Amino acid sequence: MLQLSTPSLRDAILRHLTYSFGKDPEHAILEDWRMALSYAVRDRIVDAWFKATEKTYETGAKRVYYLSMEFLIGRLLEDGIVNLELVEEAKAALSEFDKDYHEVLSDEPDAALGNGGLGRLAACFLESLSTVGCPAHGYGIRYEHGLFRQSFVDGRQVEQPETWLGQRHAWEFERPEVRYRIGFGGHVDMRGETVRWYPGEEVEAEAFDTPVVGFRGRWANTLRLWSGRAIHPFDLDAFNHGDYARAAAPEALARTISRVLYPDDTTEQGKELRLKQEYFLTAAALRDILRRFNNQFGDLRKLPDKVAIQLNDTHPAIAGPELVRILHDERGLPFEDAMEIARGTLSYTNHTLMPEALESWGEDLFGRLLPRHLQLVDQIDNAHATQNPSRTQSMRADHQVKMGQLSFVMAHHVNGVSALHTDLMKTTVFSELHRLHPDRIVNETNGVTPRRWLLACNPALAGLITDSIGDGWIDDLEQLQKLEPFIEDSGWIDRYWNVKKSNKIELSNWMGQTYGLHTDPEMLFDIQIKRMHEYKRQHLNIIEAIAHWQEIRENPDAGWTPRLKLFAGKAAPGYFFAKDIIRLINDAAVVINNDPVTNKYLKIAFLPNYNVSLAERLVPAADLSEQISTAGKEASGTGNMKFALNGAPTVGTLDGANVEIRDHVGPENFFLFGMTAEEVMERRTVENHARRAIDADPRLASALKLIREGRFSPSEPDRYAGVVDNLEGPDFFLVCSDFTDYWRAQREVDTAFADRTGWARMAALNTARSGWFSSDRTIRGYMADIWKAQSLLP
Ligand code: 26W
């Protein structure tokens, strides 16, 4: 792609400011400058987009379709500028108008159309699909309100609606011509061979397209998000009778379907609107996919050769019955053929083994909303039972529709997201299906895009790396290994250490300005950022901090390594235990930060409203990455990969991708603690396992005692009695049983960090050996093992 010079970029910004936003530089507001720069960058992305679309049609290449209820995109302006290699030009062009690059970038709202790991992975995957030049579409929902805004009142999480569309949005193109009617409810008419579903209500799905550009702007794919529209938006008759609410009802009702993202990321609520959203997304996507296929190829038997549809967890699993319905009911193919063609096209990724997260819909709700699909699910289940007589489990047990079983049966491949997780899928939730279909489960360990999570968020480190080994690493991340010889050079290590130091100073300044939080960049920045959940054990982290605080109070001159513990993360609004942990961390921070004896050695802060943009600020400044989940619970994790790449060694358990990170960076560059997944299963069988652990560790016992007595909640002493009861009782996630070893690991961290050069070496080796965790490598795995799709880039 022809590089855009500063003058031509400046002209493009001025042209858009003038003609797209009708403003002259004197009167332009910050948002005008952001939009003008965005349009100037978008113009270049559209060029790549058109070329990619053309090439895909020309070659008749196989296309990948990624169906996901979530795309946790974050901001897109910097991503566009970095992928088009226009950073210096953009900075220079804006400075000619006395505009600050970072100030303009920070005006963009995050597109928070996701909860956490699953949604962010989908966003990284789209960027990598474009970078490797694989023809692909993402399909999702254009929620009017993404994940809620989090703020704290007296340390408690408070949720407010997120309003990203409240500001002008530069990255989407409305497609009024791309609309599909999506039906719900109604009845099924069986006449002889022909079966017809007559929906009781219909909404329209309208497309909004966002181009997703890859590195060097050589390719761009489409993210198509569906928005609900009423077929007859306005009831004039009701209006004329003065019933204005009823007049507006159709539009309001239809928009409800894409109004808001469900904020739960591990517990399925079984809500009707959620199932409607899942069918709305899936049905609109399949109509669009088959329209495009018919226009280009026509013969439906070729569908598996030209189309690969990936189900991002079970949320779009209705795709199986819906594709069979279209092929069988509408296109007249025999049921068996329809099943095989559908299965040849679909594949499914599982992202969690948590029982409460595995979707299963009551047959009443499912049958009422999707009567024909329930019939087809039964037909699919019976066909599978016939083909597998030794089968004992059904996807239709207990009057439910089990979406995990349905997805497995309707997929040609099923994958887990880390080696450990994939093995556990075979021995737990899918053990019988794995026995019946031993070649269906494969592993594709997650990854993250190095463009956003290194090149863009950590330019100082990216600069040092490129100075050292060239810039080939940006889309071939395993080239980072070439850094290893440099790590022996103390001068280079000093530069590496100073990069981290400057990132910590930048973060300290920003936290000072933004939250009035004063921190010392000399401290060890120990960071745990992720959704709040018991299995992620943020409570283990804060209990260790309280024990550490106690220990410092008892021997303040013991030469402690000063440490700043940073937390960030949202709790699902209905998840009260997780909300209690947020409050406990905030309450403990107040007491510990104001303790004059200890606060130069230990400080704690919980930063509000964790999102993609906040992660981009925190990850480059981290010294220590907290990945402390109960082994066997975190399917993979992706934050762990971002931290390792940015030179933050991990304190963690042998869980999810931590196992593979430790294998790649070397056990000597990883602070391992805790039970393995097997030991966890074993420990759970031990009577009073928590009590035993507490009685064996006085530090743990006294920390729990302080919490129970209200040391951090003097105005309400028994505020955390429930939390401590749980920990001293069931403690299902074995916080107490892993505490002592966690404490040991943290003290090893203290010692290691005190050796500056030694630590810098360890940090640099984490960077050098984490190249494998690029989502480019992950996507190439899916293309080879699952989609059989080719890159169209030379
Ligand atoms: C139905 C409610 C619901 C919504 C989302 C249940 C479960 C989910 C997601 C599967 C939860 C999720 O985000 N899982 C995370 O997926 C990441 C990407 O693969 C993994 O790295 C994390 O380990 C996993 O927790």
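Any idea which residue in segment 119-141 is farthest from Thr56 (Cα to Cα), counting only those that are in a strand (DSSP E or B) and hydrophobic (A, V, I, L, M, F, W, C)?
Here the answer is Ile141.
Which one is farthest from Asp731 (Cα to Cα) among residues in segment 665-682 that are out of contact with any strand residue (DSSP E or B) (no Cβ under 6 Å at 6 or more places or on another chain) and crowded, with 19+ Cβ neighbours inside 10 Å?
We begin by selecting, within segment 665-682, every residue out of contact with any strand residue (DSSP E or B) (no Cβ under 6 Å at 6 or more places or on another chain); these are 665-669, 672-682.
Going one step further and asking which of them are crowded, with 19+ Cβ neighbours inside 10 Å, we end up with 665, 669, 673-675, 677, 680.
Details: Val665: 32, Asn669: 30, Phe673: 18, Gly674: 15, Met675: 14, Ala677: 16, Val680: 12 Å.
Result: Val665.
Tally time: how many residues in segment 600-609 are within 20 Å of the chain's Cα centre (by Cα) and either open to solvent by 20 Å² or more (accessible area, probe 1.4 Å) or without any contact (Cβ under 8 Å) to a residue 24 or more places away in the chain (or both)?
2
Exactly one condition in (1) outside the structural domain of Ile141 (by TED's automatic domain parsing); (2) in contact with a Cys (Cβ under 9 Å, 6 or more places away or on another chain) is false for Val64; which is it?
Failing condition for Val64: (1).
Checking the structure you have, find out if any residue of segment 186-209 is among the hydroxyl-bearing types (Ser, Thr, Tyr), closer than 30 Å to Val82 by Cα, assigned by TED's automatic domain parsing to the domain that holds Glu127 and away from the ligand (no atom under 16 Å from the Cβ).
Within segment 186-209 (the criterion being among the hydroxyl-bearing types (Ser, Thr, Tyr), closer than 30 Å to Val82 by Cα, assigned by TED's automatic domain parsing to the domain that holds Glu127 and away from the ligand (no atom under 16 Å from the Cβ)), the answer is no, since none of the residues qualifies.
Looking at Ile592, Ile581, which one is part of a helix (DSSP H, G or I), closer than 27 Å to Asp755 by Cβ, out of contact with any Gly (no Cβ under 9 Å at 6 or more places or on another chain) and of a type in the set (A, V, I, L, M, F, W, C)? Working first, answer last.
Working: Ile581 fails: closer than 27 Å to Asp755 by Cβ.
The match here is Ile592.
Just to check your reading of the model, which residue among Val212, Val203 is touching a Ser or Thr at 6+ places or on another chain (Cβ under 6 Å), among the β-branched types (Val, Ile, Thr) and under 29 Å from Leu118 (Cβ atoms)?
Just a single option satisfies the conditions, and that option is Val212.
Tell me, which helices (runs of 4 or more DSSP H) wholly within segment 636-755 include 2 or more residues that are assigned by TED's automatic domain parsing to the domain that holds Ala578 and more than 16 Å from the ligand (Cβ to nearest atom)?
Filter on segment 636-755 gives 658-665, 735-754.
Examine segment 75-82 for a residue that is in contact with a strand residue (DSSP E or B) (Cβ under 8 Å, 6 or more places away or on another chain), within 15 Å of the ligand (Cβ to nearest atom) and either over 19 Å from Cys457 (Cβ atoms) or of a type in the set (Lys, Arg) (or both), and state whether such a residue exists.
The answer is no; no qualifying residue exists.
Could you check, for segment 469-491, whether at least one of its residues is in contact with a Lys or Arg (Cβ under 8 Å, 6 or more places away or on another chain), open to solvent by 10 Å² or more (accessible area, probe 1.4 Å), part of a helix (DSSP H, G or I) and polar (S, T, N, Q)?
Looking through segment 469-491, at least one residue is in contact with a Lys or Arg (Cβ under 8 Å, 6 or more places away or on another chain), open to solvent by 10 Å² or more (accessible area, probe 1.4 Å), part of a helix (DSSP H, G or I) and polar (S, T, N, Q).
Has segment 246-256 got at least one residue that is under 30 Å from Ala123 (Cβ atoms) and of a type in the set (S, T, N, Q)?
Among the residues of segment 246-256, at least one is under 30 Å from Ala123 (Cβ atoms) and of a type in the set (S, T, N, Q), which makes the answer yes.
Of everything in segment 242-264, what is open to solvent by 50 Å² or more (accessible area, probe 1.4 Å) and among the acidic types (Asp, Glu)? Give them in sequence order.
The one that is open to solvent by 50 Å² or more (accessible area, probe 1.4 Å) and among the acidic types (Asp, Glu): Asp243.
Would you check if there is a residue in segment 98-119 being of a type in the set (A, V, I, L, M, F, W, C), at pLDDT 95 or above and in contact with a Lys or Arg (Cβ under 6 Å, 6 or more places away or on another chain)?
Checked against the condition, which is being of a type in the set (A, V, I, L, M, F, W, C), at pLDDT 95 or above and in contact with a Lys or Arg (Cβ under 6 Å, 6 or more places away or on another chain), segment 98-119 yields at least one hit.
One line per residue, one yes/no per condition, for (1) part of a loop (DSSP other than H, G, I, E, B); (2) more than 30 Å from Ile474 (Cα to Cα):
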position	(1), (2)
Tyr143	yes, yes
Glu162	yes, yes
Ala170	yes, no
Arg179	no, yes
Glu202	no, yes
Glu206	no, yes
Arg224	no, no
Gly228	no, yes
Ala245	no, yes
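Looking at Val46, Val64 in this structure, which one is modelled with pLDDT of 95 or more and not in a helix (DSSP H, G or I)?
Only one candidate qualifies: Val64.
Give the residues of segment 574-599 that are open to solvent by less than 40 Å² (accessible area, probe 1.4 Å) and touching a Pro at 6+ places or on another chain (Cβ under 8 Å), sorted by residue number.
Scanning segment 574-599 gives a single hit, Thr598.
Scan segment 683-729 residue by residue and report those that are among the β-branched types (Val, Ile, Thr) and open to solvent by 70 Å² or more (accessible area, probe 1.4 Å).
Thr685
Pairs, please: C-beta under 8 Å, at least 6 apart or cross-chain, first residue assigned to a helix (DSSP H, G or I) and in segment 101-114, second small (Gly, Ala, Ser)?
Note: pairs meeting the criteria are Tyr101/Ala90; Tyr101/Ser95.
Being surrounded by fewer than 18 Cβ atoms within 10 Å (Cβ to Cβ) and touching a residue at least 60 places away in the same chain (Cβ under 8 Å) is the filter here; which residues of segment 270-286 pass it?
Within segment 270-286, Gly270, Glu272 qualify.
Go through segment 320-352 residue by residue and tally those that are among the hydrophobic types (A, V, I, L, M, F, W, C) and either within 16 Å of the ligand (Cβ to nearest atom) or part of a loop (DSSP other than H, G, I, E, B) (or both).
Total meeting the criteria: 1.
Within segment 269-283, how many residues turn out to be outside any helix (DSSP H, G or I) and either modelled with pLDDT of 95 or more or out of contact with any strand residue (DSSP E or B) (no Cβ under 8 Å at 6 or more places or on another chain) (or both)?
2
Identify all residues within segment 11-58 that are open to solvent by 70 Å² or more (accessible area, probe 1.4 Å), under 35 Å from the mean Cα position of the chain (by Cα) and not acidic (Asp, Glu); write none if there are none.
Hits for segment 11-58 are Ile29, Phe50, Lys51, Lys55, Tyr57.
So if I check each of Leu290, Leu311, Leu261, which one is farther than 25 Å from Ala385 by Cβ, within 16 Å of the ligand (Cβ to nearest atom) and in contact with a helix residue (DSSP H, G or I) (Cβ under 9 Å, 6 or more places away or on another chain)?
Leu261
Kindly provide the set of residues from segment 125-167 that are open to solvent by 50 Å² or more (accessible area, probe 1.4 Å) and among the hydroxyl-bearing types (Ser, Thr, Tyr), ordered by number.
Correct list: Thr163 only.
Report, by residue number, each residue of segment 636-647 that is out of contact with any Leu (no Cβ under 6 Å at 6 or more places or on another chain) and open to solvent by less than 10 Å² (accessible area, probe 1.4 Å).
Within segment 636-647, Ser636, Asn640, Met641, Phe643, Ala644, Asn646, Gly647 meet the criteria.
More than 26 Å from Val665 (Cα to Cα) and in a helix (DSSP H, G or I): is that true of Gly512 in this structure?
Yes: the conditions hold for Gly512.
May I ask you to verify whether Thr267 is away from the ligand (no atom under 16 Å from the Cβ), among the hydroxyl-bearing types (Ser, Thr, Tyr), surrounded by fewer than 16 Cβ atoms within 10 Å (Cβ to Cβ) and within 29 Å of the chain's Cα centre (by Cα)?
no
Condition test on Leu365, is it within 15 Å of the ligand (Cβ to nearest atom) and in a helix (DSSP H, G or I)?
yes
The values are calculated or read from the model by the stated rules, or taken from the named source; none is laboratory data. Here the structure is a predicted model, which is why all the values come from computation and not from measurement. Ideal geometry is used to build each Cβ from the backbone, glycine not excepted, and the neighbour counts take in all protein chains shown. Ligands, DNA and RNA are stripped out before the accessible areas are found, and what is left, the full protein with its side chains, is counted by its heavy atoms. Shrake-Rupley method; radii C 1.70, N 1.55, O 1.52, S 1.80 Å.
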